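Let me begin by presenting the structure, written as structure tokens, before commenting on it.
No lab work stands behind these numbers, since they all come straight from the coordinates. Just so we're clear, the structure is a prediction, and the values are computed from it rather than from any experiment. We place every Cβ from the backbone using ideal geometry, glycine too, and count neighbours over all the protein chains shown.
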Amino acid sequence: MENRRSPRAIFHDYSGGEYFVTICTRNKEHFFGKIIKGEMLLSPIGIVAQKNLEDLSIHYSYVEIPLFVIMPNHIHAIICIRKPKNYSSSGIPTKRSGLSVVIGGYKQSVTMYARRNNIDFGWQGRYHDHIIRGINDANKITDYINNNIARWDMDCYY
């Protein structure tokens, strides 16, 4: 097994907070649909990816997704995780933090749908997260998500 350094921040335990998350498809393949004339046209698996994001708080009552965008080969989302009232932490991130549980469950539900319906689909093994630090950071991320489709031809995932 490969011994990789964790990309998670050592000063944060990921069991609560607000995060900007990017999850890519396998080999950045355009599974979720295509952008035509500035509009994202979702494929069947893209519709499932969207529905599962919309329904995350049903499965994880401590999670809220106030904003997201589905792109042809990745998703961007703001994920807010509320810590339980009786939560105590050593301050050290664990392998299965609140954020990783939510993302793992999301990825699994979309993958299971694809397999049940014989849809060619796969996720990249990891995901990228950014801890949202304050209102200015949140405003920049919101602008980025809201304008992502319009900037598709300049996107690094294009």
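A crude spin-label estimate for the pair Glu64 and Asn27, with each label 7 Å from Cα along the Cβ direction, gives 4.0 nm. Between Asp155 and Arg133, the contour length at 0.36 nm per residue exceeds the alpha carbon distance by 5.6 nm.
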